[in-house]
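Taking it in order: structure first as structure tokens, then the write-up.
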Amino acid sequence: MNSPDLTGKTAVITDDICDGGATFIGIAKQLRSLNCQNIILYVTHGIFSKGLTVFDGLIDQVFTSSSLVQVEPTQLNIINFQNQD
């Protein structure tokens with residue numbers, strides 16, 4: 001069975017929590033090996049205990065909610081959720 005060719009495609013990886021990122025790094029490596037052009041990671045709660053540099057060269061954009069305070073907002077797209085009291 002041939003592997004799919006993802007040339008020119010965008011993959012969106014979604015999950016509820018990212019701590020160190022090992023799971024997403026493995027997924028991104030596999031997607032890159034299939035020639036995936038763009039990889040986007042969206043997690044609801046971004047802990048990022050190993051920082052965001054672990055994704056360099058693998059994941060093009062990272063999105064998370066404002067549920068946790070982020071230290072490195074320059075590389076991170078934060079979706080702000082405010083309480084509607």
Report the per residue volume, in Å³, of the convex hull enclosing the C-alpha atoms of the range 1-48. 69 Å³
Please compute the modelled spin-label separation between Ile79 and Gln37, points set 7 Å along Cα→Cβ, answer in nm with one decimal. 2.3 nm
Which whole-number percent of Cα pairs in the chain have a distance greater than 18 Å? 42 percent
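Go ahead and estimate [θ] at 222 nm for the chain from helices alone: -39,500 (n - 2.57) per DSSP H run with n ≥ 4, summed, over the residue count, rounded to 500. Please list the in-between numbers first.
On the way: 1 runs with 12 residues, N = 85.
Rounded to the nearest 500, it is -4500 deg cm²/dmol.
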Rounded tilt (10° steps) of 22-33 against the dominant C-alpha axis of the chain: 30 degrees
Note on the chain: contact order normalised by length, alpha-carbon pairs under 8 Å, 6 or more apart, percent, works out to 28 percent
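What percent antiparallel are the DSSP beta bridges of the chain, to the nearest 5? Walk me through the numbers before you get to the answer.
Numbers: 1 of 16 bridges.
The antiparallel proportion sits near 5 percent.
Throughout, read-outs are computed from the coordinates displayed, never taken from laboratory work. Just so it is clear, the model here is predicted, and its values are computed rather than measured. Cβ atoms come from the backbone with ideal geometry, glycine included; neighbour counts cover every protein chain shown.
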